[in-house]
1. Find all pairs meeting these conditions: Cβ atoms under 8 angstrom apart; at least six residues apart or on different chains; first residue within the range 130-142 and outside any strand (DSSP E or B); second residue buried (at least 24 other Cβ atoms within 10 Å of the Cβ) and of a type in the set (Ser, Thr, Tyr).
2. Determine, yes or no, whether residue 3 is farther than 19 Å from residue 354 by Cα and in contact (Cβ under 8 Å) with a residue 40 or more places away in the chain.
3. Tell me, yes or no, whether the range 51-66 has at least one residue that is outside the structural domain of residue 402 (by TED's automatic domain parsing) and assigned to a helix (DSSP H, G or I).
4. Among the listed residues 13, 49, 38, which satisfies the condition of being under 15 Å from residue 378 (Cβ atoms) and modelled with pLDDT under 95?
5. State whether one or more residues within the range 190-210 are within 16 Å of residue 360 (Cα to Cα), modelled with pLDDT of 95 or more and surrounded by 23 or more Cβ atoms within 10 Å (Cβ to Cβ).
6. When you go through (1) in contact with an Asp or Glu (Cβ under 8 Å, 6 or more places away or on another chain); (2) more than 28 Å from residue 231 (Cα to Cα); (3) in a strand (DSSP E or B) one by one for residue 9, which number turns out not to apply?
7. Listed residues 368, 396, 373; which is on the phi > 0 side of the Ramachandran plot and surrounded by fewer than 19 Cβ atoms within 10 Å (Cβ to Cβ)?
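The values are calculated or read from the model by the stated rules, or taken from the named source; none is laboratory data. Bear in mind the structure is a predicted one, so any value in this text is a computation, not a measurement. Using ideal geometry, Cβ is built from the backbone for each residue, glycine included, and neighbour counts are taken over all protein chains shown.
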Amino acid sequence: MSAFVITHAALLDPVAGEVRPQASVRVEGDRIVEVAEDGATLVAGDSVDVIDAGGRTLMPGLIDAHVHAAITTLDLTAMGRRPLTRIGIEAKAVLEAMLRRGFTTVRDAGGLDAGIQEAVRLGLITGPRVFRSGRVLSQTGGHGDTSPVSANPHLCSCSITSSAYSHVADGADSVRRAAREELKSGVDQIKVMAGGGVATPSDPIDMVQYTEEEIRAAVEEAAARRTYVLAHAYIPEAIARAVRAGVRSIEHGNLLDGGAARLMAEHGCFLVPTLVTYDQLAAFGRQWSFPAESLAKLDAVKDAGLAAVDIAASAGVRIGFGTDLLGETHDAQSRELILRAQVQNAAEVLRSATTVNAELLGKPGELGVISPGAFADLLLVDGNPLADLSILDGQGEHLDLIARGGSVIVDRVRRA
């Protein structure tokens, strides 16, 4: 981290949905300390690097609120046998590529261990700031239960079965215990599986998982640590149950209806759509050995996601931004911006990936904005994303400067 000033930039304001020319920003350490507009001059000083943006667009770093950096192949059978050391090395590459696409903050929605998050903090991984969910909480036969069906199951009401990805816990007391274990490990938030999913073979999409009492147990434990719960859910019944139990965000929500959307708005619950993962699974899942049983479930949710975004917006639900990509499809992360633009304008899409997600993560004013006191997460874009979102697609080809927390990661700006 160092001090620098960016001058002659066109400042993108996601909230106002406008670009304002002739702006300058001063960074000291990991924070923005001063913003000047209308051509006002910031005095740099002899030891401060001056970066002339040359009219490029300066915008906040993007936030992806639903990633799985430690799920490094679509072949889930092979994933279950993969050594943790190899997964750590692969996750390093996944996270570093995310940062180079302009995602300066991500919320990992399950599977990332504390060591990888610590490596990011120590600079051993040059990746985005990570909010970690740790192991997800699932009921037996739920979306986080990847164990095979047994002819001779060993049942015990007090048992919690754990893997690198999940705790399978039944009953409010067991859910509470599992949540406490994850919170003890230092997770930033808790994730519960409140309904059926695509990736696990034994739970249909229209299944409702966990009782309200079980979900509320996780919510209460998270609240005691001053954090929150996010819930995987597709169908209205599962969404409504999770919302009534107090979750902060619904992940996916593809089969959302008006009643569930109104309930979400009433309770201040966010929706985090993840359209791109279905797009990529349909295109490449078979090629990369994604389970055939899981591919068969795609039709139920793939084409419903856009309508869910529209329903949520009409009800006044705050809509965040996520991708949920797995394994070989991580490179498509920025395509979510393009898919969302089918039902939202560019400013709305960019707000979801900046200020809305910052609020979801509990960091309004610190993330997703360019203002004094915010983290210096900055992108200098060759073009105007409000006019053409596609310049943010790909692997960061149009990002001439990327800074995360005041550290310049990519710098393609020529100096005088």
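1. What qualifies is 135/166; 139/210; 142/210.
2. Working: farther than 19 Å from residue 354 by Cα: yes; in contact (Cβ under 8 Å) with a residue 40 or more places away in the chain: yes.
The answer is yes for residue 3.
3. no
4. When all the criteria are applied, what remains is 49.
5. Taking the range 190-210 and keeping what is within 16 Å of residue 360 (Cα to Cα), we get 190-191.
Remaining after also requiring modelled with pLDDT of 95 or more: 190-191.
Narrowing further to those that are surrounded by 23 or more Cβ atoms within 10 Å (Cβ to Cβ): 190-191.
Scanning the range 190-210, I find at least one residue that is within 16 Å of residue 360 (Cα to Cα), modelled with pLDDT of 95 or more and surrounded by 23 or more Cβ atoms within 10 Å (Cβ to Cβ), so the answer is yes.
6. (1)
7. Step by step, each of 368, 396, 373 is checked, and only 373 is on the phi > 0 side of the Ramachandran plot and surrounded by fewer than 19 Cβ atoms within 10 Å (Cβ to Cβ).
Residue by residue, here is whether (1) outside any loop (DSSP other than H, G, I, E, B); (2) touching a residue at least 12 places away in the same chain (Cβ under 8 Å); (3) farther than 18 Å from residue 28 by Cβ; (4) hydroxyl-bearing (Ser, Thr, Tyr) holds:
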position: 371; (1), (2), (3), (4): no, yes, no, yes
position: 394; (1), (2), (3), (4): no, yes, yes, no
position: 402; (1), (2), (3), (4): yes, yes, yes, no
position: 408; (1), (2), (3), (4): yes, yes, no, no
